[in-house]
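Written out below as structure tokens is the structure these notes cover.
No lab work stands behind these numbers, since they all come straight from the coordinates. None of the values given here were measured: they were computed from a predicted structure. Here the Cβ positions follow ideal geometry from the backbone for every residue, glycine too, while neighbour counts run over all protein chains shown.
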Amino acid sequence: MAVTMKTMAAEDVNFAQNTSRITELKEEIGVKKRQLQNLEDAYDDSMFADDDYLKMPYQIGDVSISHSQEETQEMLEAANKNLQEETDTLESKVEANQRVLPDLKVQFHINLEADES
């Protein structure tokens, strides 16, 4: 019976950790999606610049540098691509964790039934 209780506790911890990790990943995905929207908005705004010689500010961290419209758009596209890849990776991790949850639920339920008998 003590072994069963330890197994149940371990599975309960695994389930809780998995659920917690999914929540954290979803929050991080939300942040990344807002950043993606900001990049798309900045790209759209850069399209309205009429002057090819106009230098556009591009902020990297705390530093702002000026580039041509074309260079700025290329940087925005690259940043967008990288951020989208990061978002896709996080979404894959969420899916992987969600696939494990049903197995953990079944194991936890079976151990509860075994403990009751």
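In this simple spin-label model, placing a label point 7 Å from the Cα along the Cα-to-Cβ direction at both residue 64 and residue 23 gives a separation of 3.8 nm.
The length gained on full extension between residue 43 and residue 13, counted as 0.36 nm times the residue separation minus their Cα-Cα distance, comes to 6.3 nm. Here's how it looks for residue 56: its modeled amide H is under 5 Å from those of 67, 68, 69, which are all 5 or more places away or on a different chain.
Pairs to check: 26/105; 26/55; 55/93. Give those whose C-alpha atoms are more than 29 Å from each other in this structure. Let's see the in-between values first.
Details: 26/105 21 Å; 26/55 37 Å; 55/93 40 Å.
Correct reply: 26/55; 55/93.
Using a Förster distance of 30 angstrom, determine the FRET efficiency expected from the C-beta separation of residue 100 and residue 34, and round it to 0.05. Provide the component values of the computation, followed by the final result.
Details: r = 28 Å, r/R0 = 0.92.
In this case the efficiency is close to 0.60.
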